[in-house]
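*Asks:* One structure, as structure tokens, below. Some questions next.
Here, each number is a calculation from the coordinates, and none is a lab measurement. Since the structure is predicted, the reported quantities are computational estimates derived from the model, not experimental observations. For neighbour counting, all protein chains shown are included, and Cβ atoms are generated from backbone atoms with ideal geometry for every residue, glycine included.
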Amino acid sequence: MAGTSRRDRARRATLAEIREAVRRLLVAQGSTAVTINAVARELGMSGPALYHYFAGRDELVGAVTADFFAELTAAMEAARDACADDPPGRRLLAAARAMRRWAIAHPAEFQWIFASPLAEPGKEPPSRRVAAGRRFERVFLDLTVELWKARRFPVPDPADLAPSLLEQLRRYCTAIDEVLPPEAAHVMLTCWTRLYGLLCMEVLHQLDFAYSDMEPVFEECLREISARLGVDYSPPEPVRRRPPAPASDQDV
């Protein structure tokens with residue numbers, strides 16, 4: 001903030017307040033409650049005054065979505081980096097568990113950021129929302145690439161893949177500019193779809209009819225993904241709880 005004018009600091013503070021107001025509305029009332037007028041009322045502003053900060057609801061939604069993506073990515077990166085000396089497989093499991101922890105702690109925000117696709121065909125440079133989403137996607141992708149470079153995991157024969165699927169995978173590999181061949185990208189995307197799909201179903205309560213505790217289901221998914229990627233599955237470390245404080249004379 002050093003070197004910025006008072007006006008710039010005031011504008012940044014107001015932008016932060018606007019985003020927090022969006023979050024409050026989203027968590028309390030759902031995404032349909034997030035309108036320009038509703039956000040303005042939360043802040044004691046007029047609707048037109050909000051247009052001094054955002055061109056419209058789409059721009060506001062994009063900014064808040066980028067914030068949520070950044071939070072989720074930071075949580076995954078922190079978990080990955082906390083075991084930086086471990087093999088990439090263990091770091092991948094740590095990042096996946098961190099993603100689930102964030103998602104179940106912030107279900108409204110998780111549903112919000114995945115409510116629309118990230119693609120913006122032909123738009124360069126990408127919007128802040130898309131850039132934040134791509135950084136999120138790189139966490140799983142980069143760890144998979146690291147696994148592939150260290151020890152190649154089992155992949156299908158390209159001849160066994162449908163021609164249309166193989167062509168799409170080739171385009172994807174070119175777009176991400178990585179060393180993964182199409183058949184390895186297929187394994188990575190299959191694992192990601194399995195992981196993300198299960199998490200979405202949990203956050204949306206689509207499996208409540210069968211499960212009241214989704215953690216072992218999620219861990220079973222991680223076990224399957226570990227096998228596909230050729231790494232050893234390791235269960236999560238138990239949560240350490242503080243021992244109860246000794247009773248004082250007043251408590252007796």
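*Asks:* Which option, (1) 44, 44, 33; (2) 70, 61, 47; (3) 49, 39, 35, is the value of Cα extents along the principal axes in Å that was calculated from these coordinates?
*Replies:* (2)
*Asks:* Additional query: Starting from the Kirkwood radius over alpha-carbon pairs of segment 40-184, derive D by Stokes-Einstein at 37 °C in a medium of 0.692 mPa s and give it in µm² s⁻¹.
*Replies:* Once the numbers are plugged in, D ends up at 184 µm²/s.
*Asks:* How big is the dipole moment of the chain about its Cα centre under a simple scheme where the beta carbon of each Lys and Arg is +1, that of each Asp and Glu is -1, and everything else is neutral? Debye, nearest 20, please.
*Replies:* Result for the chain is approximately 880 debye, rounded to the nearest 20.
*Asks:* Can you tell me how segment 4-120 classifies by the Cα gyration tensor, rounded, prolate or oblate, using a/c under 1.5 as the rounded cut?
*Replies:* Taking the square roots of the gyration eigenvalues as a ≥ b ≥ c, segment 4-120 is prolate.
*Asks:* D for segment 1-48, whole µm²/s, Stokes-Einstein with Kirkwood Rh over alpha-carbon pairs at 25 °C and 0.890 mPa s: what number? Mind dumping the intermediate values first?
*Replies:* Values: Rh = 11.6 Å.
Answer from the Stokes-Einstein relation: 212 µm²/s.
*Asks:* Follow-up question, since we're still on this one. Given a Förster radius of 51 Å and the C-beta distance between Glu224 and His52 as r, what FRET efficiency does 1/(1 + (r/R0)^6) yield to the nearest 0.05?
*Replies:* Between Glu224 and His52 the formula returns 0.50.
*Asks:* Moving on. Work out which trypsin sites (Lys or Arg not before Pro) in the chain are exposed loop sites (DSSP not H, G, I, E or B, at most 10 other Cβ within 10 Å) and give the longest gap free of them.
*Replies:* That would be 1-122.
*Asks:* Grab the DSSP H runs of the chain that are 4 residues or longer, score each as -39,500 (n - 2.57), total them, divide by all residues and round the 222 nm result to the nearest 500 deg cm²/dmol.
*Replies:* -21000 deg cm²/dmol
*Asks:* Would you mind computing Rg(Cα) / (2.2 N^0.38 Å) for segment 156-217, counting N as its residues?
*Replies:* The value comes to 1.49.
*Asks:* Also: What spacing in nm lies between the two simple spin-label points modelled at Arg11 and Gln111, each 7 Å away from Cα in the Cβ direction?
*Replies:* According to this spin-label approximation, the distance is 3.5 nm.
*Asks:* Among Met45, Ala79, Gln29, flag the residue with its Cα farthest along the positive direction of the charge dipole of segment 1-108, charges on Cβ as +1 for Lys/Arg and -1 for Asp/Glu.
*Replies:* Met45
*Asks:* Let me ask something else. What is the chain's relative contact order, in percent, from Cα pairs under 8 angstrom and six or more apart in sequence?
*Replies:* Across the chain, relative contact order equals 16 percent.
*Asks:* A further question on this structure: Which distance in nm do the two modelled labels at Glu167 and Asp232 give, with both placed 7 Å along the Cα-to-Cβ direction?
*Replies:* Reported label-point gap for Glu167 and Asp232 is 4.4 nm.
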